[in-house]
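Okay, structure first, notes after.
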Amino acid sequence: MTELICVEGLSKQFGPHHAVLDVNFNVKQGEILGLLGPNGAGKSTTIKMLTCYLRPTSGSATICGHSILDNTHLVRSSMGYMPETSPLYGEMMVKEFLTFMGEMRNLKKEKLQEAIERVVNLTNLQDVFYQTLETLSKGYKKRVLLAQALIHDPKILILDEPTDGLDPNQKGEVRSMIRKLSEEKAILISTHILEELEALCTDVLIMSKGKIQFKGTTNELMQKCSERKLNLQDYFRCLTLTQ
Ligand SMILES: Nc1ncnc2c1ncn2[C@@H]1O[C@H](COP(=O)(O)OP(=O)(O)OP(=O)(O)O)[C@@H](O)[C@H]1O
Ligand SMILES: [Mg+2]
């Protein structure tokens with residue numbers, strides 16, 4: 001399988017402070033990479049550089065072969081981004097919001113209708129299609145955010161805390177949606193939830209103070225834990241507190 005996200009020596013400095021320092025990783029189609037780290041580790045800064053919101057101080061990355069440094073437009077059109085919280089327009093109906101987001105992606109007429117139908121079915125939004133966003137439960141709001149990220153059928157998905165704050169049933173549902181989507185896509189998930197790794201991610205990147213502290217498959221991480229006779233939480237503390 002081809003690498004869809006390739007990150008090489010990515011760094012971001014704010015004044016004298018290294019928010020992200022020499023980060024390298026790849027994500028292939030079929031993989032779900034979990035990006036973990038304590039507050040201030042550099043996760044959001046990494047995601048902001050990959051989504052072309054921030055320009056790196058040094059290093060680079062390609063998204064579906066397009067450089068984040070000089071192909072901003074193609075990078076953005078190859079990826080879907082689900083933010084952690086919703087800058088949603090409360091008075092819009094789900095139908096109106098998805099139409100608006102599709103139009104922003106340059107979808108028109110039949111293509112737009114097809115895309116809305118596809119994402120509504122994928123994320124099970126049929127029952128709330130004519131409901132305003134401010135009246136939706138947290139779980140449904142997350143689904144709407146996932147639906148808008150999928151509207152242009154991107155090869156790459158970047159999801160910020162996709163299951164945070166959901167009840168166990170909704171967590172399970174959103175995870176199985178993501179798992180199904182990963183067959184055709186490369187997915188990067190930022191999360192604080194350690195159990196999300198085992199439940200969903202094929203690969204793991206643990207960051208602390210801007211640097212990578214662990215990179216490997218989820219199985220390799222679990223193996224390291226058992227070698228050290230630590231549970232995941234204690235190993236995470238070991239990796240991120242002692243730096
Ligand atoms: N625009 C900015 N100007 C100055 N410093 C910044 C800026 N953005 C982020 N930082 C700093 O960079 C570091 C990494 O921040 P970042 O937001 O990437 O962390 P994070 O891993 O996403 O944390 P959290 O889990 O709290 O969301 C922090 O020390 C933060 O204060
Ligand atoms: Mg963050």
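What's log10 of I(q)/I(0) for the range 123-243 at q = 0.10, 0.15, 0.21 Å⁻¹, Debye sum over Cα points only, no solvent? Here log10 of I(q) over I(0) equals -0.38, -0.77, -1.22.
Among DSSP beta bridges whose residues both lie in the range 3-241, state the antiparallel percentage, nearest 5.
Working: 22 of 39 bridges.
If we restrict to bridges inside the range 3-241, about 55 percent are antiparallel.
A simple count of charges around Glu114, restricted to other residues whose Cβ falls under 15 Å of its Cβ and scoring Lys, Arg +1 and Asp, Glu -1, yields +2.
Counting only alpha carbon atoms, the long axis of helix 168-182 and the longest principal axis of the chain meet at about 90°.
Let me know the longest stretch in the chain that avoids all chymotrypsin sites (Phe, Trp or Tyr not before Pro) found in a DSSP loop with at most 16 other C-beta atoms within 10 Å. Can you show the working numbers first?
Working: sites that count: Tyr53, Tyr89, Phe129, Tyr130.
In the chain, the maximal stretch lacking such sites is 131-243.
Between Cys6, Gly34, Thr218, the Cα set farthest toward the positive side of the dipole of the chain (charges on each charged residue's Cβ, about the Cα centre) is that of Cys6.
Can you list which of the GluC sites (Glu not before Pro) found in the range 1-100 are DSSP loop residues with at most 11 other C-beta atoms within 10 Å?
Values: sites: Glu3, Glu8, Glu31, Glu84, Glu91, Glu96; in loops: Glu31, Glu84, Glu91.
For GluC sites (Glu not before Pro) across the range 1-100 that sit outside H, G, I, E and B with at most 11 neighbouring Cβ atoms in 10 Å, the list reads Glu91.
Take the Cα of Asn106, step 7 Å toward its Cβ, do the same at Asp234, and the gap between the two points is 5.4 nm. Loop only by DSSP, 16 or fewer other Cβ within 10 Å of the Cβ. Give me the GluC sites (Glu not before Pro) in the range 173-203 that pass, ordered by residue number. Answer in residue order: Glu183, Glu184.
Along the range 37-50 the Karplus relation, 6.51 cos²θ - 1.76 cosθ + 1.60 evaluated at θ = phi - 60°, assigns HN-Hα couplings of x, x, 4, x, 5, x, 5, 5, 4, 4, 5, 5, 6, 5 Hz to successive residues, with x for each Gly and Pro. Using θ = phi - 60° in the Karplus curve 6.51 cos²θ - 1.76 cosθ + 1.60, the 3J(HN,Hα) couplings for the range 104-118 round to 4, 8, 6, 8, 10, 6, 4, 4, 5, 4, 4, 5, 5, 4, 4 Hz; x is entered for Gly and Pro.
Here the range 147-196 is treated as a Stokes sphere of Kirkwood radius computed over C-alpha pairs; at 25 °C and 0.890 mPa s its diffusion coefficient rounds to 214 µm²/s.
Extension gain, Glu8-Ser137: 0.36 nm per intervening residue step, less the Cα-Cα distance, totals 42.5 nm.
Magnitude of the Cβ-charge dipole of the chain, K/R +1 and D/E -1, about the Cα centre, nearest 20 debye? Working shown, then result.
Values: 29 positive and 29 negative charges, 83 e Å.
Dipole about the Cα centre, nearest 20: 400 debye.
Sorted from longest to shortest, the spans of the Cα atoms of the range 3-241 along the three principal axes equal 53, 42, 31 Å. The lysines whose alpha-carbon is closer than 30 Å to the alpha-carbon of Lys111, local same-chain residues fewer than 8 away aside, are Lys28, Lys48, Lys95, Lys138, Lys141, Lys142, Lys155, Lys180, Lys185. Compared with the dominant Cα axis of the chain, that is its longest principal axis, helix 218-227 is turned about 30°. Return one number: the angle in degrees, 0 to 90 and rounded to the nearest 10, between the long axis of the Cα atoms of helix 138-150 and the longest principal axis of the Cα atoms of the chain. Roughly 90 degrees between the two axes.
Bear in mind these aren't lab numbers, they're just calculated from the coordinates by the rules spelled out. As the structure is a prediction and not an experimental result, all values here were calculated from the model. Neighbour counts are summed over all protein chains in view; Cβ atoms, including those assigned to glycine, are modelled from backbone coordinates with ideal geometry.
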